[in-house]
Amino acid sequence: MLSQRVAQLKPSATLTITAKAKELRAKGIDVIGFGAGEPDFDTPEFVKEACIKALKEGMTKYAPSAGIPQLREALAQKLYEENSVEYKPSEIVVSTGAKMILFLIFMTILNEGDEVLLPSPYWVTYPEQIKLLGGVPIEVPTSEDGGFIPTADAVKERITERTKAIVLNSPNNPTGAVYPKEELEKIAELCLQKGIFIITDECYEAFVYEEEFVSVASLSEEIKRITFTVNAFSKTFSMTGWRVGYVACPEEYAKVIASLNSQTVSNVTTFAQFGALEALKNPEAKNYVARMKEEFTKRRERAYELLKSIPYVSVFKPKGSFYIFPNFSYYSQKLGDDIKLAQMLLEEAKVACVPGSPFGAQGYLRLSYATSMENIEKGIERIRNALSELS
Ligand code: PMP
Ligand code: GLU
């Protein structure tokens with residue numbers, strides 16, 4: 001008999017679609033994948049080399065649970081230089097990807113029935129993790145017309161005496177929204193007043209095309225004290241399979257998160273941490289990230305133009321991340337819902353997209369443009385043709 005905790009658990013919709021597309025491709029079916037939430041670039045060679053060197057030099061044993069000291073120091077320096085926040089290495093903990101980091105943060109702060117505010121659309125994993133840990137996700141709606149930006153007023157309306165935290169995710173998965181500094185300031189001030197933690201998921205910080213990226217903890221020293229800054233090597237350095245993520249937060253919480261690590265994963269694979277260290281230290285790394293961003297910039301334009309020209313589809317032009325989140329309500333209603341629409345596109349048009357409903361946005365589809373320009377053009381053309389038969 002399953003525990004009550006897992007009885008309602010849903011598998012990750014994004015990973016499920018990606019796996020399905022790979023499975024079809026392995027069978028020789030020409031599927032175009034817009035599902036994958038990972039850059040289509042290879043991990044930089046210098047990162048791989050550093051990892052291999054560490055492996056050969058015997059870095060194959062347990063490591064400290066909070067992360068190897070060199071990596072925590074390098075992360076403190078990165079946060080200072082790139083994000084304008086001063087964290088001590090003792091305030092930083094490394095775990096197996098941002099996903100595990102988020103899980104450990106929720107475990108650290110949530111009691112049964114505590115509410116967590118989630119601007120919606122949200123990344124699929126947040127509500128599932130919150131529920132697993134006894135919390136209650138509370139949606140804060142945003143609108144396509146409002147650029148999918150959560151407003152302080154909308155946040156305020158949903159605060160109750162059970163509100164424990166808010167999850168902010170800018171640049172956003174799935175919408176591509178980047179929150180303006182003024183709105184972040186208003187929301188953060190509200191959280192300060194009401195004693196609410198801020199969990200800021202900054203995994204897509206490297207991919208901002210419009211707007212300025214602002215690290216929430218950089219807003220003020222007081223805001224920093226209520227904030228958990230979450231990030232990972234997964235997207236920035238195309239290291240999704242390495243499983244290295246981190247949190248920076250006040251030391252009392254960092255210590256608990258490190259203890260949780262010590263009782264669960266023990267540590268991130270030791271030689272993988274040396275690869276991650278090289279990603280921060282190698283002077284070539286900035287060029288590598290810049291090249292990736294340049295490529296995504298071109299693809300964003302193209303995907304936006306092509307999707308916008310499909311009849312009855314409205315598209316918010318993403319300002320960051322590598323996702324685009326068009327509104328296909330007209331078509332999804334004809335088929336029943338967006339899950340059926342995504343299924344039809346996969347089976348008939350051979351295009352994999354993630355339906356909007358697991359992100360809390362019925363009628364939308366998420367397309368990742370972390371794929372070649374050729375695939376973008378071919379895939380959207382296939383979608384257009386399949387939909388033209390419906391309209
Ligand atoms: N946060 C967001 C918004 C994401 O899209 C992802 C997906 N990779 C993660 C966290 C988890 O990242 P990681 O692969 O480092 O666990
Ligand atoms: N975060 C990525 C996505 O949204 C990877 C998949 C996952 O971790 O769920 O597609």
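The values are calculated or read from the model by the stated rules, or taken from the named source; none is laboratory data. For clarity, every value in this text was computed on a predicted model and none was experimentally measured. Please note: Cβ atoms are built from the backbone with ideal geometry, for glycine as well, and neighbour counts cover all protein chains shown.
Residues of segment 173-195 being basic (Lys, Arg) and in contact with a strand residue (DSSP E or B) (Cβ under 9 Å, 6 or more places away or on another chain), which ones? Steps first, please.
Residues of segment 173-195 that are basic (Lys, Arg), as a first pass: 181, 186, 194.
The one that is basic (Lys, Arg) and in contact with a strand residue (DSSP E or B) (Cβ under 9 Å, 6 or more places away or on another chain): LYS194.
Would you pick out the residues in segment 201-218 that are surrounded by fewer than 24 Cβ atoms within 10 Å (Cβ to Cβ) and assigned to a strand (DSSP E or B)?
Passing the criteria: only VAL208.
Does any residue in segment 269-286 that is aromatic (Phe, Trp, Tyr) come within less than 7 Å, Cβ to Cβ, of a residue that is in a helix (DSSP H, G or I) six or more places away or on a different chain, and which pairs are these?
PHE271/CYS51; PHE271/ALA54; PHE271/LEU55; PHE274/ALA50; PHE274/CYS51; PHE274/ALA54
Restricting attention to segment 24-48, which residues are aliphatic (A, V, I, L, M), more than 13 Å from ligand 2 (Cβ to nearest atom) and out of contact with any Asp or Glu (no Cβ under 8 Å at 6 or more places or on another chain)?
Correct list: LEU24, ALA26, ILE29, VAL31, ILE32.
Quick grid of which residues meet (1) within 13 Å of ligand 1 (Cβ to nearest atom); (2) farther than 26 Å from PHE34 by Cα:
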{"site": "ALA254", "(1), (2)": "no, yes"}
{"site": "THR264", "(1), (2)": "no, yes"}
{"site": "GLN273", "(1), (2)": "no, yes"}
{"site": "LEU277", "(1), (2)": "no, yes"}
{"site": "VAL289", "(1), (2)": "no, no"}
{"site": "GLU301", "(1), (2)": "no, no"}
{"site": "SER314", "(1), (2)": "no, no"}
{"site": "GLY320", "(1), (2)": "yes, no"}
{"site": "PRO326", "(1), (2)": "no, no"}
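With the condition kept exactly as written, say whether any residue in segment 14-25 is in contact (Cβ under 8 Å) with a residue 12 or more places away in the chain, within 16 Å of ligand 1 (Cβ to nearest atom) and in contact with a Pro (Cβ under 9 Å, 6 or more places away or on another chain).
yes
Given the conditions (1) surrounded by 21 or more Cβ atoms within 10 Å (Cβ to Cβ); (2) over 25 Å from the mean Cα position of the chain (by Cα); (3) of a type in the set (Ser, Thr, Tyr), and given that TYR62 satisfies all but one, which numbered condition is not satisfied?
(1)
Give me the pairs, please: first residue somewhere in segment 235-249 and more than 26 Å from ILE109 (Cβ to Cβ), second residue anywhere and within 13 Å of ligand 2 (Cβ to nearest atom) and at pLDDT below 95, beta-carbon distance under 7 Å, and either six or more positions apart or on two chains.
Cβ pairs passing all conditions: THR240/GLU38.
Is there any pair linking a residue in segment 114-135 that is small (Gly, Ala, Ser) to one that is away from ligand 2 (no atom under 16 Å from the Cβ) and part of a strand (DSSP E or B), with Cβ under 9 Å and at least six apart or on different chains, and which?
Qualifying pairs under 9 Å: SER120/GLU139; SER120/VAL140; SER120/PRO141; GLY135/GLU115; GLY135/VAL116; GLY135/LYS164; GLY135/ALA165.
In segment 226-335, which helices (runs of 4 or more DSSP H) lie fully inside it and hold 2 or more residues that are buried (at least 16 other Cβ atoms within 10 Å of the Cβ) and polar (S, T, N, Q)?
Details: elements: 251-263, 270-281, 285-308, 329-335.
So the answer is 270-281, 329-335.
Among (1) surrounded by fewer than 19 Cβ atoms within 10 Å (Cβ to Cβ); (2) within 16 Å of ligand 1 (Cβ to nearest atom); (3) closer than 24 Å to THR269 by Cα, there is one condition GLN70 misses while meeting the rest; what is its number?
Here GLN70 clears every test but (2).
Do the conditions hold for ALA232, that is, is it within 13 Å of ligand 1 (Cβ to nearest atom), in contact (Cβ under 8 Å) with a residue 12 or more places away in the chain and not hydroxyl-bearing (Ser, Thr, Tyr)? I'd like the intermediate steps shown before the answer.
Working: within 13 Å of ligand 1 (Cβ to nearest atom): yes; in contact (Cβ under 8 Å) with a residue 12 or more places away in the chain: yes; not hydroxyl-bearing (Ser, Thr, Tyr): yes.
Considered against the rule, which asks whether it is within 13 Å of ligand 1 (Cβ to nearest atom), in contact (Cβ under 8 Å) with a residue 12 or more places away in the chain and not hydroxyl-bearing (Ser, Thr, Tyr), ALA232 comes out as yes.
Cβ-Cβ distance below 8 Å, separation of 6 or more or different chains: which pairs start in segment 180-196 with a residue that is under 16 Å from ILE149 (Cβ atoms) and end on one that is assigned to a helix (DSSP H, G or I) and of a type in the set (Lys, Arg)?
LEU190/LYS156
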